[in-house]
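Let me begin by presenting the structure, written as structure tokens, before commenting on it.
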Ligand code: NDP
């Protein structure tokens, strides 16, 4: 594709719509800092416009009142449309987020399609009505429960997996008949804007799916606090998640929060070293470590620490680190200068705390590395779980190795964290691994693998990693209200048991 700068507008009411201020924000390629796109810097007035469009579409029933079969048909069309646009979406996602093209083409686009397809499949299978199972109370009564959309949802997403994390919100929201306004991260808004157009062309009615781009500190905040928003789906830092929870509490809004993590990986003493090293790299180097559930606290039997770290280093040296658009690249750049600064700052904090660096520790330089935001895979050894860089989320390619002496101690260290998003066990003994998995206080546990998120299983965290779950029927539940309808079938006032119980039939 050419090196033109792509120009976008906001997507409101099924149309490209200029922002009211006319101001634009640059979107860059983090591998070389070239401006690749420009998007409007939306104002609160634009947010009002998007919410008005979402509310009007919702109240009109144009989508909410469609039959299940009609919704499934449109979501199926939307799934096929995403797949048809696979190359463009993968290209733009990689270009703006720094994710390797090898991954976005294979995983990210198909995950968006999977979220839509799975939401449609669950919608089709979900009982439309649940009948009360107890026999009627003295009077003849029919009680049943239905699910309804919540109304207007706001989806606020981060920059690490822009498309996937948007789909985790809009797919269940749409399946349940809601309207949605998405606010993507300022540095990676492009693919969410593209998806809005693709889905609208595939049959989602105008106004049901809107996208506004602009700073979280102004319009994100405004959106989350807005009285027209009934439900917020947020993925991002625990700090902003906490602010959103406060705003949601004021308006008693429904909210799903998927926040930070510092996930432990426990290597058992029966583990195969080669497997443990590969699993560790998968856990902490995927997307240069910028994944909320990255495995970044490595608990290893003390006697195995040196051998495992040597094996990890051997494998790291074979990685191709560079331009994410090259299919041969294994690890791309960090997404922004700001995130690179955060990583370098934490490495200094680790050094100051006395943790030793066994590998890496620096920003990469020379050749193409000087143009972008590249950081070496970094391994701290002999860490202590009380150290700041071990407890807090770094969001970069940094592993903290914590040697342990017995398994109970390892599990206690693993659970000694304010977070509870992901966890992992490496072992050749399936029974032991599963016993350890059950004792970990985290929303997901992977055994001999990592990062396996599927549209048919729930994803979310314990403790400060958030609340609620995304994906599968849990997500559809989280984007709907339940309503009990109770009909008394007594034919006249005199045979009405409840009226007579209180003397209201005289
Ligand atoms: P943020 O939590 O700040 O951003 C996530 C989203 O929220 C973005 O769309 C952002 O907009 C928006 N936002 C920011 N402030 C507000 C606000 N006050 N009200 C409403 N929305 C807001 O994450 P960062 O991008 O700043 O990353 C900081 C750290 O967060 C990372 O270093 C990492 O530790 C963690 N993080 C965790 C992620 C996860 O998946 N759990 C994902 C990304 C980051 P805008 O982009 O315009 O600021």
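Derivation of every value follows stated rules applied to the coordinates shown; laboratory data play no part. As the structure is a prediction and not an experimental result, all values here were calculated from the model. As a convention, Cβ positions derive from the backbone with ideal geometry for all residues, glycine included, and neighbour counts pool all protein chains shown.
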With N set to the number of residues, divide the alpha-carbon radius of gyration of segment 157-312 by 2.2 N^0.38 Å and report two decimals. 1.31
7 Å from Cα along Cα→Cβ at both residue 434 and residue 26: what's the point-to-point distance in nm? 5.5 nm
Okay, helix-only estimate at 222 nm for the chain: each DSSP H run of n ≥ 4 adds -39500 (n - 2.57), divide by all residues, round to 500 deg cm²/dmol; what do you get? -11000 deg cm²/dmol
Please compute the modelled spin-label separation between residue 482 and residue 252, points set 7 Å along Cα→Cβ, answer in nm with one decimal. 1.8 nm
Mean Cα-pair separation over length for the chain, i.e. relative contact order, pairs under 8 Å, 6 or more apart, %: 18 percent
Report, in degrees rounded to the nearest 10, the 0 to 90 angle that the Cα long axis of helix 190-201 makes with the longest principal axis of the chain. 30 degrees
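If each residue of separation counts as 0.36 nm, what is the full-extension length gain between residue 80 and residue 345 once their alpha-carbon separation is subtracted? Before the final figure, lay out each step's value.
Numbers: separation 265, 0.36 × 265 = 95.40 nm, distance 4.37 nm.
My answer for the length gained is 91.0 nm.
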If packing is taken as the average count of other Cβ atoms within 10 Å, what order do 354-360, 419-425 fall into, highest mean first? 419-425, 354-360
Cα centroids of segment 176-237 and segment 458-506: how far apart, whole angstrom? 29 Å
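For segment 1-154, give me the percentage of DSSP beta bridges that are antiparallel, rounded to the nearest 5 percent.
85 percent
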Binned at 5 Å from zero, the C-alpha pair distances of segment 263-447 give percents of 1, 9, 18, 22, 21, 15, 9, 4, 1, 0
Rg in Å to one decimal, and Dmax rounded to a whole Å, for segment 1-131 via C-alpha atoms: 18.2, 59
Could you give the angle, 0 to 90 degrees to the nearest 10, between helix 68-84's Cα long axis and the longest principal axis of the Cα atoms of the chain? 30 degrees
Which of the peptides 205-217, 65-77 is most tightly packed, and how do the rest follow, going by the mean number of other Cβ atoms within 10 Å of each residue? 205-217, 65-77
By the Kirkwood definition, with r running over pairs of different Cα atoms, the chain has a hydrodynamic radius in Å of 24.1 Å
Report the Cα centroid-to-centroid distance between segment 264-290 and segment 55-100 in angstrom, as an integer. 35 Å
In degrees, nearest 10, range 0 to 90: what is the angle between the Cα axis of helix 86-97 and the longest Cα principal axis of the chain? 60 degrees
Roughly what % antiparallel, to the nearest 5, for the DSSP beta bridges in the chain? 45 percent
Pairwise centroid distance, computed over Cα atoms, of segment 10-24 with segment 341-380, Å: 40 Å
Using the Cα atoms of segment 144-242 to build a convex hull, what is its mean projected area in square nanometres? 7.0 nm²
Ranking 498, 190 by Cβ neighbours within 10 Å, fewest first, what do you get? 498, 190
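For segment 263-447, what is the percent of antiparallel DSSP beta bridges, rounded to the nearest 5?
20 percent
Semi-axes, largest first, in whole Å: what does sqrt of 5 times each Cα gyration tensor eigenvalue give for segment 244-302?
Working: eigenvalues 249, 30, 11 Å².
They are 35, 12, 8 Å, listed from largest to smallest.
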Return the distance in nm (one decimal) between the two label points of a simple spin-label model at residue 454 and residue 15, each offset 7 Å from Cα along Cα→Cβ. 4.4 nm
Using per-residue counts of other Cβ atoms within 10 Å, averaged over each peptide, order 171-177, 16-22, 252-258 from highest down. 171-177, 252-258, 16-22
What's the FRET efficiency of residue 130 with residue 362 using the Cβ-Cβ distance as r and R₀ = 45 Å, to the nearest 0.05? 0.20
Once the piece of chain linking residue 52 and residue 270 is laid out straight, how much longer is it, given 0.36 nm per residue of separation minus the C-alpha distance between them? 72.6 nm
